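**Student:** Structure incoming, see below.
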Amino acid sequence: MAKSVHLRLGKLPTGLATYPRVLLTRRPPVTEIGEPPEFKASVSGVSLDAANVARYAAACGFDDVIPPTYLHVLAMPLHLEIFACGSFPLRPMGLIHVSNVIEILGRLRAGMRLDLRVSAGNYQHTDAGLAFDMSTEALHEGEPVWRETCVFLSRWPDSVERTGGRPPRPPKAPRDAAVLAQLNVTGQTAWTYARVSGDYNPIHLNDRAARFFGLRGSISHGMWSLARSLAQQPAPDLPNGVRIDTQFLTPVQLPARVAIKEWTADGRSQRALCDVRTGRVHMCSAWSAWTAAS
């Protein structure tokens with residue numbers, strides 16, 4: 001039975017100070033990992049600071065609201081604390097954020113104090129690599145108000161034979177999808193988002209660092225893509241009780257010109273960030289009313 005590691009923190013750590021341990025801690029090859037531990041991290045009494053929310057909202061295009069994606073960056077220092085653990089087996093800089101589910105369970109207000117609970121587990125061997133869930137829950141006065149599950153993937157090395165064949169080509173948005181906006185995404189965009197989110201992963205900020213980790217160059221933050229797409233007018237109706245499902249399909253290579261497109265499928269609102277030239281979907285999200293049975 002896999003062991004469990006629980007980090008109980010007295011205050012929310014500084015994410016930037018944790019990055020050296022995230023980057024420099026040695027990890028075994030993914031093919032040598034047996035039964036990884038489950039990791040948990042928790043901290044209580046974290047304030048939903050109005051000024052920090054406002055800076056993040058402005059960088060992502062929201063107007064006078066607490067963005068549904070904000071608590072992801074609020075909790076990210078706990079994610080980094082788990083990644084920085086010497087017993088965490090996977091190389092954090094090689095992880096791919098595959099999908100994301102956000103559930104808004106209660107009303108968020110500036111100034112409220114939250115207890116944050118994060119866990120990493122549910123490891124799955126797939127054709128592409130070793131996947132796991134990073135789950136976050138925010139509670140106010142003992143009641144959950146926000147929940148998220150990120151699925152991350154650590155790819156098998158090229159020498160490992162895969163049974164699933166080539167991955168499918170990224171889909172394209174329907175021809176009748178509404179084009180809500182076209183945007184230039186640059187290195188400055190990435191740095192602005194890094195400053196308001198605390199996500200200083202070098203693959204987003206430096207071409208040489210990105211190439212070191214196997215990319216062609218720096219790429220945009222996936223969570224910026226989601227936040228910016230949700231913020232675009234006409235803004236989607238995101239009341240309490242909404243569930244937002246997101247798939248991250250291909251990275252946005254910087255610099256890029258992208259379009260935010262919207263359509264309806266199977267009764268759900270869909271929104272995607274697409275390459276203007278090719279129409280390729282980088283990220284696609286859908287939202288619908290959430291119920292306890294969903």
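The values are calculated or read from the model by the stated rules, or taken from the named source; none is laboratory data. Since we're looking at a predicted model, the values are computed, not measured. Heads up, the Cβs are rebuilt from the backbone with ideal geometry, glycines too, and the neighbour counts pull from every protein chain shown.
**Student:** Using the structure shown, decide if LEU139 is under 30 Å from ARG211 (Cα atoms), without any contact (Cβ under 8 Å) to a residue 60 or more places away in the chain and not small (Gly, Ala, Ser).
**Tutor:** no
**Student:** Moving on to the next point. With PRO157, PRO68, PRO92 as the choices, which residue is touching a Phe, Trp or Tyr at 6+ places or on another chain (Cβ under 7 Å) and at pLDDT below 95?
**Tutor:** PRO92
**Student:** Taking the range 17-37 as the region of interest, how many residues are assigned to a loop (DSSP other than H, G, I, E, B) and charged (D, E, K, R)?
**Tutor:** Final tally of qualifying residues: 3.
**Student:** Would you check if there is a residue in the range 33-45 being touching a Lys or Arg at 6+ places or on another chain (Cβ under 6 Å), of a type outside the set (Asp, Glu) and modelled with pLDDT of 95 or more?
**Tutor:** yes
**Student:** Report, by residue number, each residue of the range 24-43 that is of a type in the set (Gly, Ala, Ser) and touching a residue at least 60 places away in the same chain (Cβ under 8 Å).
**Tutor:** Passing the criteria: ALA41, SER42.
**Student:** Which of the residues belonging to the range 7-23 are in contact with an Asp or Glu (Cβ under 9 Å, 6 or more places away or on another chain) and either more than 15 Å from MET93 (Cβ to Cβ) or free of Cβ contacts under 8 Å to residues at least 24 places away in the same chain (or both)?
**Tutor:** Matches in the range 7-23: LEU7, LEU9, PRO13.
**Student:** Considering LEU78, LEU105, which residue is under 27 Å from ALA51 (Cα atoms), touching a Lys or Arg at 6+ places or on another chain (Cβ under 9 Å) and at pLDDT below 95?
**Tutor:** Within the list LEU78, LEU105, the selection yields LEU105.
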